[in-house]
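Undergrad: Would you mind keeping the following structure in view while I ask a few things?
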Amino acid sequence: MLNIVLFGPPGAGKGTQAHLLIKKYNLIHLSTGDLLRGEIAEETPLGMKAKSIMDRGDLVSDNIVIGMIATKLDNNPNVNGFIFDGFPRTVAQATALDNLLKEKETSISAMLSLKVNDNELIKRLIERGKKSGREDDKNKNIISNRINEYNDKTAPLKEFYSAQNKLSEIEGIGQVKDIALKLNAVIDRL
Ligand code: AMP
C-alpha cells in the first residue's frame, strides 16, 4: 500500500495537492478537517462539539479524530492506499496512526511536508476565507492561532517521521502543477 502523510501548516496547499495525488495514484483522501466539517453540516453531536473549537482555531481532541480515522480505515479495505491530510496533528495521533496501520499489516510510506512562510499562509487563508465561508479563515487572530497550534503541537511531527527516515520537505510556493511534480518525484522514488 501507498500511505502518504501530506503535511504542512494551514494554507500550505495540502488539500489542493491531495486531490491531484488521489487521482494519479488511485488513493483514498482522508482529511480530518473535511470529515469534521461534514459532521457539522449534518449537525451530529460530534459536529456540534467540534464546531466552537474549530471556529476558534484550536485543535479538537485526539480521541475524536483518531476515532474518525479508525472508522475510515475499517470501511476502506483492499485499497491502494491513503493520503492523510491534516492528520496526524499531534504525536499522540501519529502514534495511534502507526498502531492502526500495523493492525492492518501496513505502515506510512512517507511524510511529504510542504514548506510555506507565515506571510504567504496568512495571505492565502484570508483570500480563501472570502469564498470558503469558513469561520476560521475569516479572522487574522484565528488564523494566527491556527499557525501557533501548528508550530506548537504539529510541527514536532517532522521529527517523529524523520526518525523513521520518512520525511521529505518540499517547497510549497510556486505553481500548483510544479509542486505536484515535485511530490510525484518523491513518491515515484519510494
Ligand atoms: P483543516 O481543514 O485541516 O484546516 O482543519 C480545520 C480545523 O479542524 C482545525 O483547525 C482543527 O480545529 C480541526 N482539525 C482538523 N484535523 C484535526 C486533527 N487531526 N486534530 C485536531 N484537530 C483537527
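Undergrad: Number of Lys pairs in region 1-128 with C-alpha atoms less than 16 angstrom apart, excluding same-chain neighbours closer than eight positions?
TA: So the count of such lysine pairs works out to 7.
Undergrad: If Lys and Arg each add +1 and Asp and Glu each add -1, what is the summed charge of the other residues whose beta carbon sits under 14 Å from the beta carbon of P9? Don't skip to the answer; put the middle values down first.
TA: Numbers: positive: K14, R89, K115, K123, R124, R128, R146, K153, K158; negative: D85, D118, E120, D136, D137, E149, D152, E169, E171.
Within the 14 Å Cβ shell, the charges total 0.
Undergrad: Among the aspartates and glutamates, which fall within straight-line cross-link reach of K182, defined as a Cα-Cα distance under 13 Å, with same-chain neighbours fewer than 8 residues apart omitted?
TA: E169, E171
Undergrad: Out of A92, G172, L59, whose Cα points farthest toward the positive end of the dipole of the chain (charges: +1 Lys, Arg; -1 Asp, Glu; placed on Cβ)?
TA: About the Cα centre, the residue reaching furthest to the positive side is G172.
Undergrad: I've got another one for you. In square angstrom, what is the accessible area per residue of the chain with a 1.4 angstrom probe?
TA: 51
Undergrad: Using the Cα centre of region 1-159 as the reference point, and only Cβ charges (+1 on K/R, -1 on D/E), how large is the resulting charge dipole? Debye, rounded to the nearest 20.
TA: It comes to approximately 560 debye.
Undergrad: Scanning the chain for trypsin sites (Lys or Arg not before Pro) in DSSP loops with at most 13 other Cβ atoms within 10 Å, what's the longest stretch left with none?
TA: Maximal segment without exposed cleavage sites: 1-103.
Undergrad: Which of the listed residues, G129, N80, A41, is farthest toward the dipole's positive end in region 1-153, when Lys, Arg count +1 and Asp, Glu count -1 at the beta-carbon?
TA: G129
Undergrad: Now for a separate question. Points 7 angstrom from Cα along the Cβ direction at V176 and Y25: gap in nanometres?
TA: 1.9
Undergrad: Given charges of +1 on the Cβ of Lys and Arg and -1 on the Cβ of Asp and Glu, with all other atoms neutral, how large is the dipole of region 65-190 about its Cα centre, in debye to the nearest 20?
TA: In total the dipole reaches around 380 debye.
Undergrad: Whole Å is fine, so just give me how far the alpha carbon centre of region 11-56 lies from that of region 103-130.
TA: Region 11-56 and region 103-130 have Cα centres separated by 12 Å.
Undergrad: Modelling each spin label as a point 7 Å along the Cα-to-Cβ direction, I'd like the N184/R128 distance in nm, to one decimal.
TA: With each label placed 7 Å out from Cα toward Cβ, I get 2.3 nm.
Undergrad: Next question. Longest exposed-loop-site-free stretch of the chain, with GluC sites (Glu not before Pro), DSSP loop and at most 11 other Cβ within 10 Å?
TA: The longest such stretch corresponds to 106-190.
Undergrad: Oh, and also: With only Lys, Arg, Asp and Glu charged, each at its Cβ (+1 for the first two, -1 for the last two), find how big the charge dipole of region 109-178 is about the Cα centre; round to the nearest 20 debye.
TA: In total the dipole reaches around 300 debye.
Undergrad: Averaging sequence separations of C-alpha pairs under 8 Å and six or more residues apart, then dividing by the length of region 50-190, give the relative contact order as a whole percent.
TA: After rounding, I find 31 percent.
Undergrad: For the chain, which whole percent of the accessible surface, found with a 1.4 angstrom probe, sits on carbon and sulfur atoms?
TA: Exposed carbon and sulfur together represent 49 percent of the surface.
Undergrad: Related question: Which shape class, rounded, prolate or oblate, goes with region 34-190 when its Cα gyration tensor gives a ≥ b ≥ c as root eigenvalues, a/c under 1.5 marks rounded, and past that a/b bigger than b/c marks prolate?
TA: Cα axes put region 34-190 in the oblate bin.
Undergrad: Could you name the aspartates and glutamates whose alpha carbon sits less than 18 Å from that of K138, not counting residues in the same chain fewer than 8 places away?
TA: The qualifying aspartates and glutamates are D34, D55, D58, D118, E120, E127, E149.
Undergrad: Rounded, prolate or oblate: which one fits region 99-179, using the alpha carbon gyration tensor with axes a ≥ b ≥ c (rounded when a/c is under 1.5, else prolate when a/b beats b/c, else oblate)?
TA: prolate
The values are calculated or read from the model by the stated rules, or taken from the named source; none is laboratory data. A quick note: this is a predicted structure, and the numbers were derived from the prediction, not measured. Counting neighbours? That spans all protein chains shown, and the Cβs are built from the backbone with ideal geometry, glycine included. Heavy atoms of the whole protein, side chains included, go into the accessibility calculation; ligands, DNA and RNA do not. Shrake-Rupley method; radii C 1.70, N 1.55, O 1.52, S 1.80 Å.
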